[in-house]
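Reviewing the structure listed below.
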Amino acid sequence: MTDQRRSTPRTDHVLADPHLQEAARRVGDRLVKGAVREALQRCRAGDISPAEVADVALELVPVSASSMRPVLNATGVIVHTNLGRAPLSDAAVEAVRVAAGATDVELDLETGRRGRRGRSAMAALAAAVPDAGGVHVVNNGAAALALVTCALAMGRNVVVARGEMVEIGDGFRIPELVESVGARLREVGTTNRVRLADYERAVDEDTAFVLKVHPSNFVVSGFTSSVSVAELSTLPVPVVADIGSGLLAPHPRLPDEPSASAALRAGADLVTASGDKLLGGPQCGLLLGRADLVESLRRHPFARALRVDKLTLAALEATLTGPTPPVVAALSVSADDLMVRAEKLVAELSESVPASAVPSSAAVGGGGAPGVEIPSAAVALPASLARPLRLGEPPVVGYVTRDRLLLDLLTVPESQDVLLAEAVRRAAGSTEQREA
Ligand SMILES: *Cc1c(COP(=O)(O)O)cnc(C)c1O
């Protein structure tokens, strides 16, 4: 022990190792020094030899300067809130990389003068929703609704159905958001039913707009009725539709999910939506609708506080103009194809772990298409693998049901199947070792 301590190398000698120098150029001195300190500690404790210090330190250096790690989403939940919602398309990722440096987000290279910020992303959005007279983008769906409320309804009334007083998640409640920016809520109807006459009675000269909120994470069934955007548009005040998921046009697999185009055609004056749900893009809030209203929102002082950054604009444009993003692609994968992948994986894994290919049911998740079950296929494994898989590299997140861990393939890109099989084999190996 004393010998080991005496022979522990000096920090600056270890840091001079060329591989560690190279790592420092990649992730910075601070993280490399931390790894070296940890390795030296192990050396002093006698766990590793002085000759091993540099190699161990190198292993301890994180892969990137951000501690956020790529995760294999095998939950079968396409838009998983805890896994960062929509995974970006390769084209969007590339657009982000390009925009990360100095970029012409606000400069017209032709004239050398200031250009309208994010004009190409706005043009792509306008082209994707021809029914919108004007378009604007803010930080997220909540910001879009906050801006509309702040600009149109401060000190005035917003009429909303009681059955649409929605809590989205993590305690975020839409009615509280509306009130927090200075509007008064006027609730109409009951939990399960509301009629046009209820709205007609509530609308008066203090009414700024009628808000139609999509109940995006629950379904009410039984003795229910609600009032459509088309009916609401007969009222003498603007109709704002918070559709939630960001579906721009109707999707055949999600017949009950509202879309921006359908809401606008039905007579909505403004539509608000999220960019990182079913649109499959970066986190942002879309504002679509009447040109005069959108322009007044864009020019409102509060808009600046909700402004999106250049990375978002780049990813949004690439999502709109580029190849189908993963979220949208996942909606049209066939369950038969997924079963073929599951069987292939099971065949590859059979020697290392008890595995079987089973039919499963995937979901949109993240505030979209509640109640819709998407036929899928999964690899079923012993539930004891859930933790080692989550802690593996890359981490794999599935779900446990009836004492089995299911890895749903709908949300795993096919190109990652090899990685998935390796991760399962490693996790199975690690539990075997512990049990032995
Ligand atoms: C998700 C959602 C929001 C909030 O959007 P964020 O992008 O999460 O801020 C608002 N309204 C509805 C109906 C939603 O589904």
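The values are calculated or read from the model by the stated rules, or taken from the named source; none is laboratory data. Predicted, not measured: the structure shown is a model, and the values here were computed from it. No Cβ is skipped: glycine too gets one built from the backbone with ideal geometry, and neighbour counts run over all protein chains shown.
Residue check, SER228 against (1) within 19 Å of ALA260 (Cα to Cα); (2) surrounded by 14 or more Cβ atoms within 10 Å (Cβ to Cβ); (3) modelled with pLDDT of 95 or more, all met but one. Which one?
Result: SER228 passes all but (2).
On the basis of being assigned to a loop (DSSP other than H, G, I, E, B), in contact (Cβ under 8 Å) with a residue 12 or more places away in the chain and loosely packed, with under 15 Cβ neighbours inside 10 Å, does ALA65 make the cut? Quick ask: steps written out before the conclusion?
Details: assigned to a loop (DSSP other than H, G, I, E, B): yes; in contact (Cβ under 8 Å) with a residue 12 or more places away in the chain: yes; loosely packed, with under 15 Cβ neighbours inside 10 Å: yes.
Answer is yes for this residue.
I'd like the residue in the range 379-396 that is in a strand (DSSP E or B) and touching a helix residue (DSSP H, G or I) at 6+ places or on another chain (Cβ under 6 Å) and, out of all such residues, is farthest from PRO252 (Cα to Cα). Step through it out loud before you land on a result.
Restricting attention to the range 379-396, the residues satisfying the condition of being in a strand (DSSP E or B) are 379-382, 396.
Subset that is touching a helix residue (DSSP H, G or I) at 6+ places or on another chain (Cβ under 6 Å): 379, 396.
On the way: VAL379: 28, VAL396: 31 Å.
Selected residue: VAL396.
Looking for whichever is under 26 Å from ALA369 (Cβ atoms) and touching a Lys or Arg at 6+ places or on another chain (Cβ under 6 Å) here; the options are VAL166, VAL160, VAL79, VAL129. Which one fits? Don't jump to the end; show me each part of the working.
Working: VAL166 fails: touching a Lys or Arg at 6+ places or on another chain (Cβ under 6 Å); VAL160 fails: touching a Lys or Arg at 6+ places or on another chain (Cβ under 6 Å); VAL129 fails: touching a Lys or Arg at 6+ places or on another chain (Cβ under 6 Å).
That would be VAL79, the only listed residue that is under 26 Å from ALA369 (Cβ atoms) and touching a Lys or Arg at 6+ places or on another chain (Cβ under 6 Å).
Does PHE302 fit the bill of being away from the ligand (no atom under 13 Å from the Cβ), surrounded by fewer than 24 Cβ atoms within 10 Å (Cβ to Cβ), aromatic (Phe, Trp, Tyr) and in a loop (DSSP other than H, G, I, E, B)? Give the derivation first.
Numbers: away from the ligand (no atom under 13 Å from the Cβ): yes; surrounded by fewer than 24 Cβ atoms within 10 Å (Cβ to Cβ): yes; aromatic (Phe, Trp, Tyr): yes; in a loop (DSSP other than H, G, I, E, B): no.
In short, no.
State whether one or more residues within the range 195-215 are of a type in the set (D, E, K, R), within 16 Å of the ligand (Cβ to nearest atom), part of a strand (DSSP E or B) and out of contact with any Ser or Thr (no Cβ under 6 Å at 6 or more places or on another chain).
Checking the range 195-215: at least one residue is of a type in the set (D, E, K, R), within 16 Å of the ligand (Cβ to nearest atom), part of a strand (DSSP E or B) and out of contact with any Ser or Thr (no Cβ under 6 Å at 6 or more places or on another chain).
So which of VAL227, VAL240 is within 16 Å of the ligand (Cβ to nearest atom) and β-branched (Val, Ile, Thr)? Explain how you work it out, then say what you get.
Values: VAL227 fails: within 16 Å of the ligand (Cβ to nearest atom).
Residue meeting the stated conditions: VAL240.
What number of residues within the range 160-174 satisfy the criterion of being at pLDDT below 95, more than 8 Å from the ligand (Cβ to nearest atom), farther than 21 Å from GLY222 by Cβ and not small (Gly, Ala, Ser)?
Total meeting the criteria: 2.
If you take the residues of the range 263-274 that are touching a Leu at 6+ places or on another chain (Cβ under 6 Å) and within 12 Å of the ligand (Cβ to nearest atom), which of them is nearest to ALA132 (Cα to Cα)?
VAL271
Filter the range 309-353 for residues that are crowded, with 18+ Cβ neighbours inside 10 Å, assigned to a loop (DSSP other than H, G, I, E, B) and touching a Lys or Arg at 6+ places or on another chain (Cβ under 8 Å) and give the result.
Result: VAL353, single match.
Could you look through the range 68-82, keep only residues that are assigned to a loop (DSSP other than H, G, I, E, B) and among the hydrophobic types (A, V, I, L, M, F, W, C), and pick out the one that is nearest to LYS277 (Cα to Cα)?
Taking the range 68-82 and keeping what is assigned to a loop (DSSP other than H, G, I, E, B), we get 68-71, 74-76, 78-79.
Next, from what is left, pick out any that are among the hydrophobic types (A, V, I, L, M, F, W, C): 68, 71, 74, 78-79.
Values: MET68: 20, VAL71: 18, ALA74: 17, ILE78: 9, VAL79: 6 Å.
Checked the range 68-82; the qualifying residue nearest to LYS277 (Cα to Cα) is VAL79.
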